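Novice: My questions will all concern the structure given below.
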Amino acid sequence: MERIQLIYFQGCPNYSVIKNLLSNIGVKYEEIEQTSLEKTDPLKLFSSPSILKDGKLVFGQNIDSAKGGCTLGLPKKSDLTQKLME
């Protein structure tokens, strides 16, 4: 069974858009709020929002700092659907 994770930080302006997009696609996913994670957690090293499928980044980006960062731009529904179904 595949595991999809939505990584975000509270107040991220694109969080609700991506959450709604995932819901519209119809996939089950786990939400991970970054400020609730330990400082050394590797999931803090992703921009917000980011989506992982089985640990592989399909949307968002790796960042160099656990202080956080925003993902710029949003995927089209068709593009995200294709990446999640691969």
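Novice: So what's the projected area for the stretch 4-85, the Cα convex hull averaged over all directions, in nm²? Please report the intermediate quantities before stating the final value.
Specialist: Details: hull surface 19.5 nm².
Taking the Cα atoms of the stretch 4-85, their convex hull projects to 4.9 nm² on average.
Novice: Loop only per DSSP, at most 14 neighbouring Cβ atoms within 10 Å: give me the GluC sites (Glu not before Pro) in the stretch 10-84, ordered by residue number.
Specialist: Details: sites: E30, E31, E33, E38; in loops: E38.
Here the GluC sites (Glu not before Pro) that fit, given the DSSP loop and packing criteria, are E38.
Novice: Ok, one more. About its Cα centre, how strong a charge dipole does the chain have in debye, to the nearest 20, once Lys and Arg get +1 and Asp and Glu get -1 at the Cβ? Display every interim value, and only then the final one.
Specialist: Working: 11 positive and 10 negative charges, 39 e Å.
The dipole of the chain has a size of about 180 debye.
Novice: In deg cm²/dmol, rounded to 500, what helix-only [θ] at 222 nm does the chain give when every DSSP H run of at least 4 residues adds -39500 (n - 2.57) and the total is split over its residues? Display every interim value, and only then the final one.
Specialist: Working: 2 runs with 20 residues, N = 86.
Only helices count here, giving -7000 deg cm²/dmol.
Novice: Given a cut-off of under 8 Å on Cα pairs at least six residues apart, what relative contact order in percent is computed for the chain?
Specialist: The value is 32 percent.
Novice: When the label point is put 7 Å from the Cα of C70 along its Cα-to-beta-carbon vector, which residues of the stretch 1-45 have a backbone N closer than 18 Å?
Specialist: 7-20, 34-35
Novice: Within the stretch 4-85, how many lysine pairs that are 8 or more places apart, or on different chains, have C-alpha atoms less than 20 Å apart?
Specialist: Lysine pairs satisfying the spacing and distance rule in the stretch 4-85 number 22.
Novice: Counting only DSSP beta bridges with both residues in the chain, tell me the antiparallel percent, nearest 5.
Specialist: Values: 8 of 13 bridges.
That works out to approximately 60 percent antiparallel.
No lab work stands behind these numbers, since they all come straight from the coordinates. Keep in mind that what you see is a predicted model, and the values were worked out from it rather than measured. Here the Cβ is made from the backbone with ideal geometry for all residues, glycine too, and neighbour counts use every protein chain on show.
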